[in-house]
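Colleague: Below is the structure I would like to discuss, written out as structure tokens.
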Amino acid sequence: MEHEILLDVRHLTHIFPLSRKTAVKAVDDVSFQIRRGEIFGLVGESGSGKSTAARCVMNIYQPYAGQIYYKGIDTCDRGQFRKNKKMLQTTRQMIFQDSGSSLNQRMKVRDIIEEPMRVQKIRPLRGSYEEEARFQMKYVGLDPEYLKKYPGELSGGQRQRVAIARALTMEPELLVADEPIASLDASIQAQIVNLFRHLQKEHGFSILFIAHDLDMVEFLCDRVGVMYHGKLVETGPAGAVFQNPLHPYTKALIAAIPIPDPRRERARAVPDFANMEFSRKGTLQEVEKDHFVLMEGGDAT
Ligand SMILES: Nc1ncnc2c1ncn2[C@@H]1O[C@H](COP(=O)(O)OP(=O)(O)OP(=O)(O)O)[C@@H](O)[C@H]1O
Ligand SMILES: [Mg+2]
């Protein structure tokens with residue numbers, strides 16, 4: 001069971017039409033798998049297609065081409081989606097950068113957390129809706145007294161944790177987290193990342209984790225994928241990709257991570273890779289075990 005594939009994204013392509021004649025290919029023939037209990041990080045510069053890919057995975061966008069299998073179900077097939085709707089809407093949950101700030105301001109925290117259970121007619125694991133809400137509040141490190149408050153009375157980090165608590169009531173198996181910590185300060189970021197770690201270890205969650213902070217991704221993720229202009233240019237175990245990056249774009253991205261020591265950081269020549277162009281040609285090829293890089297030549301997969 002350990003290596004069971006939970007999410008299998010195959011040749012995912014998504015295009016946004018801009019006008020009658022022009023379109024942007026936000027995601028271009030991307031394939032990756034997430035195993036059960038694994039944290040998969042998606043990194044790459046702004047506009048590289050990470051959020052679009054995540055939204056396709058959650059069926060927010062209907063992909064232009066490709067397949068997305070979740071627990072073996074082709075979620076982009078309308079018939080299969082309809083047949084498995086409740087399972088798909090409960091066991092997959094998404095957290096956005098601004099999940100906390102988009103909570104309904106007119107509802108008390110308690111009602112916000114209980115709402116999905118009521119809508120999905122989920123029997124709470126801890127007896128009552130309120131017990132479940134209290135449990136999840138404590139779990140994400142919030143005083144259950146806050147259940148009586150409105151989102152406007154909480155800080156940004158507290159609201160984001162309410163959004164996570166709400167998602168956890170659905171007992172998800174896949175959490176798609178699109179920059180869930182970007183708007184929080186460093187100490188709260190660390191708390192939330194530790195919470196994700198705990199969820200993975202104790203509950204066997206799988207997480208698709210999108211972040212700009214590469215140190216955080218290296219710390220948290222088992223495997224990573226690197227996106228560049230809609231293409232997945234490299235994927236592999238986090239250690240292999242960070243210690244031995246193979247694609248020129250990944251090399252530049254990792255070379256640009258600031259060194260924590262300010263003296264060494266000032267002395268360092270950072271490549272100006274915003275103005276560099278990298279190849280997006282070829283196919284993903286396995287260079288070392290489980291470590292794939294986009295390159296030309298060799299066997300097409
Ligand atoms: N709703 C949309 N309509 C048109 N184009 C879009 C839309 N959403 C995204 N795009 C375009 O698709 C490309 C990928 O965007 P996406 O939001 O997936 O990138 P991202 O990797 O998540 O970036 P960031 O790190 O800034 O969040 C970009 O060129 C973007 O301009
Ligand atoms: Mg994004």
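Colleague: Quick one: in region 185-214, of everything that is within 16 Å of ligand 1 (Cβ to nearest atom) and outside any helix (DSSP H, G or I), which residue is surrounded by the most Cβ atoms within 10 Å (Cβ to Cβ)?
Modeller: L208
Colleague: Starting from region 44-56, take each residue that is at pLDDT 95 or above and within 9 Å of ligand 2 (Cβ to nearest atom) and list its partners that are part of a loop (DSSP other than H, G, I, E, B) and of a type in the set (A, V, I, L, M, F, W, C), counting only C-beta distances under 7 angstrom and pairs at least six apart or across chains.
Modeller: Cβ pairs passing all conditions: none.
Colleague: Among the candidates Q80, Q136, Q97, single out the residue that is open to solvent by 20 Å² or more (accessible area, probe 1.4 Å), more than 16 Å from ligand 2 (Cβ to nearest atom) and in the same structural domain as Q191 (by TED's automatic domain parsing).
Modeller: Q80
Colleague: Given (1) open to solvent by less than 40 Å² (accessible area, probe 1.4 Å); (2) within 16 Å of ligand 1 (Cβ to nearest atom); (3) touching a Ser or Thr at 6+ places or on another chain (Cβ under 9 Å), identify the lone condition not met by L88.
Modeller: (2)
Colleague: Has region 240-256 got any residue that is within 16 Å of the chain's Cα centre (by Cα) and more than 16 Å from ligand 1 (Cβ to nearest atom)?
Modeller: Within region 240-256 (the criterion being within 16 Å of the chain's Cα centre (by Cα) and more than 16 Å from ligand 1 (Cβ to nearest atom)), the answer is no, since none of the residues qualifies.
Colleague: List, please: which pairs have Cβ atoms under 6 Å, are six or more places apart or on different chains, and start with a residue in region 203-232 that is closer than 21 Å to F278 by Cβ and end with one that is open to solvent by less than 10 Å² (accessible area, probe 1.4 Å) and acidic (D, E)?
Modeller: So the pair list comes out as V226/E234.
Colleague: May I ask you to list the residues in region 229-275 that are part of a strand (DSSP E or B) and touching a His at 6+ places or on another chain (Cβ under 8 Å)? Even if it seems obvious, please write down each step before you answer.
Modeller: At the first step, the residues of region 229-275 found to be part of a strand (DSSP E or B) are 231-237.
Within region 229-275, V233, E234, T235, G236, P237 qualify.
Colleague: Then there is this: Could you identify the single residue in F16, F40 that is within 16 Å of ligand 2 (Cβ to nearest atom), open to solvent by 20 Å² or more (accessible area, probe 1.4 Å) and assigned to a strand (DSSP E or B)?
Modeller: F16
Colleague: Okay, next question. Can you report the number of residues in region 197-237 which are over 16 Å from L174 (Cβ atoms), of a type in the set (A, V, I, L, M, F, W, C) and in contact with a strand residue (DSSP E or B) (Cβ under 8 Å, 6 or more places away or on another chain)?
Modeller: So the count comes out to 8.
Colleague: With the structure loaded, tell me whether I60 is under 24 Å from Q120 (Cβ atoms), within 16 Å of ligand 2 (Cβ to nearest atom) and either hydrophobic (A, V, I, L, M, F, W, C) or part of a strand (DSSP E or B) (or both) or whether it fails that test. I'd like the intermediate steps shown before the answer.
Modeller: Details: under 24 Å from Q120 (Cβ atoms): yes; within 16 Å of ligand 2 (Cβ to nearest atom): yes; either hydrophobic (A, V, I, L, M, F, W, C) or part of a strand (DSSP E or B) (or both): yes.
In short, yes.
Colleague: Follow-up. Of the numbered conditions (1) out of contact with any Ser or Thr (no Cβ under 6 Å at 6 or more places or on another chain); (2) within 8 Å of ligand 1 (Cβ to nearest atom), A26 satisfies every one except a single condition; which is it?
Modeller: (1)
Colleague: Hey, could you check region 19-37 for residues that are open to solvent by 40 Å² or more (accessible area, probe 1.4 Å) and touching a strand residue (DSSP E or B) at 6+ places or on another chain (Cβ under 8 Å) and say which is farthest from ligand 2 (Cβ to nearest atom)? Reasoning before the result, please.
Modeller: Initially, region 19-37 is screened for residues open to solvent by 40 Å² or more (accessible area, probe 1.4 Å), giving 19-25, 29, 33, 35-36.
From what is left, the residues that are touching a strand residue (DSSP E or B) at 6+ places or on another chain (Cβ under 8 Å) are 23-25, 29, 33, 35-36.
Numbers: A23: 19, V24: 14, K25: 16, D29: 19, Q33: 21, R35: 24, R36: 25 Å.
The qualifying residue farthest from ligand 2 (Cβ to nearest atom) is R36.
Colleague: Quick one: would you say K121 is open to solvent by 80 Å² or more (accessible area, probe 1.4 Å) and touching a helix residue (DSSP H, G or I) at 6+ places or on another chain (Cβ under 9 Å)?
Modeller: yes
Colleague: Hey, does region 159-168 have a residue that's at pLDDT 90 or above and outside any helix (DSSP H, G or I)?
Modeller: Residues of region 159-168 at pLDDT 90 or above: 159-168.
From the residues that got through so far, the ones that are outside any helix (DSSP H, G or I) too are none.
Within region 159-168 (the criterion being at pLDDT 90 or above and outside any helix (DSSP H, G or I)), the answer is no, since none of the residues qualifies.
Colleague: Another question, then. Take E173 and tell me if it is in the same structural domain as M58 (by TED's automatic domain parsing), within 12 Å of the chain's Cα centre (by Cα), open to solvent by 10 Å² or more (accessible area, probe 1.4 Å) and at pLDDT 90 or above.
Modeller: Against the criterion (in the same structural domain as M58 (by TED's automatic domain parsing), within 12 Å of the chain's Cα centre (by Cα), open to solvent by 10 Å² or more (accessible area, probe 1.4 Å) and at pLDDT 90 or above), E173 does not qualify.
Colleague: If L7 passes every condition in (1) buried (at least 22 other Cβ atoms within 10 Å of the Cβ); (2) in a loop (DSSP other than H, G, I, E, B); (3) away from ligand 1 (no atom under 15 Å from the Cβ); (4) not β-branched (V, I, T) but one, which one does it miss?
Modeller: So L7 meets the others, but not (2).
Colleague: Look at V241 and say whether it is buried (at least 19 other Cβ atoms within 10 Å of the Cβ), over 30 Å from T169 (Cβ atoms) and within 16 Å of ligand 2 (Cβ to nearest atom).
Modeller: Values: buried (at least 19 other Cβ atoms within 10 Å of the Cβ): yes; over 30 Å from T169 (Cβ atoms): yes; within 16 Å of ligand 2 (Cβ to nearest atom): no.
Spelling it out, it is not the case that V241 is buried (at least 19 other Cβ atoms within 10 Å of the Cβ), over 30 Å from T169 (Cβ atoms) and within 16 Å of ligand 2 (Cβ to nearest atom).
Colleague: Name every residue in region 9-50 that is over 17 Å from the mean Cα position of the chain (by Cα) and β-branched (V, I, T), in order of residue number.
Modeller: T13, I15, T22, V24
The values are calculated or read from the model by the stated rules, or taken from the named source; none is laboratory data. Keep in mind the model is a prediction, meaning the values are calculated, not measured. Glycine gets a Cβ as well: all are built from the backbone with ideal geometry, and neighbour counts include every protein chain shown. Ligands, DNA and RNA are excluded from the accessible area calculation, which covers all protein heavy atoms including side chains. Shrake-Rupley method; radii C 1.70, N 1.55, O 1.52, S 1.80 Å.
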